[in-house]
Amino acid sequence: MRNLMLALTLVLAALFAPPSAAASVSLAIQINPDFQSQPLAGSVLASARGAGFTDAAQALAGLQAGKFTLLPGNLEMGFIQDETWLAFDVKVSDPLADYLILQVGPAFLDQVTVYQTLPDGSLQSLGKAGDQVPREQVRVQARQPTFVIPVRGNSYSTVLVRLQTTSSMVAILHLYRPLAFQGQVATESLLLGGIFMLNIVMILVAAALYIFARQRLYLYWLSMVLVTTVLWFFIDGLAYRYLPLSDLGLINVATGLLNLLSVAVWILFSTMMFDFKSISLWLHRGCIGWAGFVVACIPLLAFFSNQQVQGVLLLSFAPILCVTCGVIVLQIARGNRDALLHGPLFMVYLGAASYNLSSLLGLTAISNASVYGWQVAGVLNFLSLQFSVYKRAYQTQRDYQADRAHLLGLLQQENLQLEAKVLARTQALEGALKEVEKAEQDQRQLLSMASHEFRTPAAIIKASLDSLAYLKQSIPPEVDQRLQNISKASQRLNQLANSLISHDRLKELSVQPKKVNTDLRQLVLNVLATYPSDSALQAQLPDHPVSVQLDPLLITIALHNLIDNALRHSEAGATAVTVSLLTSPDAVALQVADLGPGIADADKENVFERFFSSRSSPSAGLGLSIVQTIARSHGGQAVATDNTPQGTVMVISLPLAVT
């Protein structure tokens with residue numbers, strides 16, 4: 001408690017008047033053959049506050065002048081100033097006694113200097129110790145300030161103890177025979193070693209719980225055990241004894257800040273462990289806010305140490321402590337399981353810690369029981385809470401496994417249901433596919449039958465019209481016009497039949513491209529020669545042959561379809577259906593351009609679909625679909641683009657490479 005203890009004492013000192021002076025008569029400590037050890041409570045004189053002794057000689061003179069007060073117990077509040085002097089007499093009646101051991105506690109006293117009177121009345125220094133004294137200047141290396149008092153040849157002597165500390169001005173003096181002192185050290189070492197070993201184990205377990213569970217409660221529990229363990233390491237003198245610190249002032253600073261931090265984490269853990277939120281949300285938030293404020297102040301106090309501020313912050317813990325105890329009692333009354341199991345022991349721990357704090361402030365009697373009792377109670381409380389935290393983590397893990405097993409079961413059920421749905425859907429799709437295939441087969445059969453049936457009457461009509469051509473001279477003009485209309489209709493009927501047959505063959509893939517090295521220029525001329533001389537056709541072809549690997553029959557069908565489509569969409573009397581042949585290093589483009597109404601951009605990609613029709617391309621039929629199928633069978637593509645100034649350009653792109 002160090003700086004905090006002094007700060008708290010300064011806050012409270014005005015409330016307590018210094019004790020009244022009593023006769024400077026001490027009861028001499030009798031060292032007889034039966035003497036082993038003795039606490040010096042009730043046998044020590046202390047200089048009153050403000051005595052102002054500057055050295056041991058003045059203190060001895062003051063003692064002899066009656067300026068010391070006999071303490072009823074250990075040194076407590078009322079003697080605080082820059083320093084305090086203590087005195088006691090030793091009377092030796094054991095001729096075998098060589099020396100005695102004086103231990104001054106608590107361990108966090110800054111500096112203790114001891115003097116002894118010699119038989120001639122002079123004073124000799126027995127050394128100094130304390131956690132602000134460099135270890136190389138200390139004669140007896142121990143956890144608490146310890147001094148050797150020679151007694152052989154000095155049957156009666158006075159011992160003066162000078163206390164200089166920034167901690168709370170309390171002290172416990174104990175006198176030992178050497179063997180008894182060794183036994184005491186062994187007992188304390190065993191006790192403290194057991195406490196720290198258990199705490200380290202709990203720290204490791206708490207760290208493991210937090211790493212695996214990642215819950216705030218386990219983080220608070222880890223912080224509480226860790227901070228409390230480090231605090232005990234400092235206030236029990238172990239930090240001074242074992243840490244190689246070049247600046248011993250850091251011990252005082254660290255102890256004060258650890259006190260504040262330990263109180264803050266106690267509150268954080270208590271609010272969650274005992275469910276403050278179920279009592280009052282505002283109470284929960286208030287405790288969390290107070291703890292957070294204290295934690296936020298710690299970095300500032302580390303750089304700008306202020307004992308009064310630290311004292312006020314620690315004093316503010318008192319009402320929070322009372323509230324915490326009240327909440328635990330209320331939760332016990334409500335039947336809260338954690339409160340029932342751990343609340344009483346937790347309150348015992350808080351009570352022991354509070355009593356230790358009040359004894360260090362001099363408000364209650366200080367003794368080794370008050371110094372170490374709260375640590376023993378703390379370890380017992382920690383063990384109880386550790387069991388509870390571990391059990392909670394274990395239950396959480398079991399709940400997690402149960403939830404996981406339940407979710408896995410649901411997932412398996414969903415998978416089974418999904419597999420059943422997929423199987424049913426697959427069967428439905430297979431059935432639908434079979435129906436589509438059957439419908440498509442029926443459609444192809446119908447188209448094949450229709451196309452063959454169309455060709456028979458078309459051939460009869462054409463033959464009849466050809467025979468009537470010999471009577472053209474005697475046929476009236478109006479009849480001739482009707483005969484021409486019949487001829488055009490028969491041609492359209494024949495073209496439709498041919499388209500249906502070609503499309504059906506390509507759809508069935510019964511006709512695979514039989515590619516041969518072909519002069520595409522000559523193929524185009526041969527196709528154009530099949531149209532009447534008065535047809536609205538013109539050609540733009542290279543002067544040289546264009547050799548391409550293709551199927552002449554299929555390309556001829558595609559070109560006929562493009563030319564027929566262009567003538568059909570050209571305006572009456574127009575003479576601008578142009579067939580072009582363009583070459584590049586790796587491809588050749590066969591183009592058929594017309595001056596018709598054109599095709600909308602949105603329809604250009606769809607005109608090659610079967611029976612596609614739109615406002616810009618009505619009654620497309622099967623011709624362009626056949627063209628696209630033939631182009632793709634050759635590794636090429638058919639596209640529609642705009643003509644200039646109007647109309648459409650149909651393009652078949654064919655690769656020049658042999659495929």
Problem set entry | Estimated distance in nm for a label pair at Leu315 and Asp247, the labels positioned 7 Å out from Cα along Cα-to-Cβ | 2.9
Problem set entry | Distance in nm between pseudo-label sites at Leu204 and Lys277 (7 Å out along the Cβ direction from Cα) | 3.3
For this session: Neighbouring Cβ atoms within 10 Å as the yardstick, rank Leu411, Leu537 fewest first.
Result: Leu411, Leu537
Exercise. Taking 0.36 nm per intervening residue step and subtracting the Cα-Cα distance, what contour gain separates Phe304 from Asp94 on full extension?
Worked result: 70.2 nm
For this session: Take the Cβ-Cβ distance between Leu238 and Gln36 as r, set R0 to 22 Å, and report the resulting FRET efficiency rounded to the nearest 0.05.
Result: 0.25
Exercise. Could you give the length gained on full extension between Arg334 and Asp403, defined as 0.36 nm per residue of separation minus the Cα-Cα distance, in nm?
Worked result: 21.9 nm
Exercise. Per the Cauchy relation, a quarter of the hull surface: what is the mean projected area of the convex hull of the alpha carbons in segment 187-393, in nm²?
Worked result: 12.1
For this session: Just need the relative contact order of segment 511-655 here, percent rounded to a whole number, with Cα pairs under 8 Å and 6+ apart.
Result: 22
For this session: Would you order Phe608, Phe304 from fewest to most other beta-carbon atoms within 10 Å of each residue's own beta-carbon?
Result: Phe304, Phe608
Problem set entry | Sequence of Lys438, Lys604 once ranked by neighbouring C-beta atoms within 10 Å, starting from the fewest | Lys438, Lys604
Exercise. Expressed in nm to one decimal, what extension gain is obtained for the pair Ala420 and Val516 from 0.36 nm per residue of sequence separation less their Cα-Cα distance?
Worked result: 29.3 nm
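Every number here is computed from the coordinates shown, using simple stated rules; none is lab data. All figures in this text were calculated on a predicted structure; none of them were measured in a lab. Cβ atoms come from the backbone with ideal geometry, glycine included; neighbour counts cover every protein chain shown.
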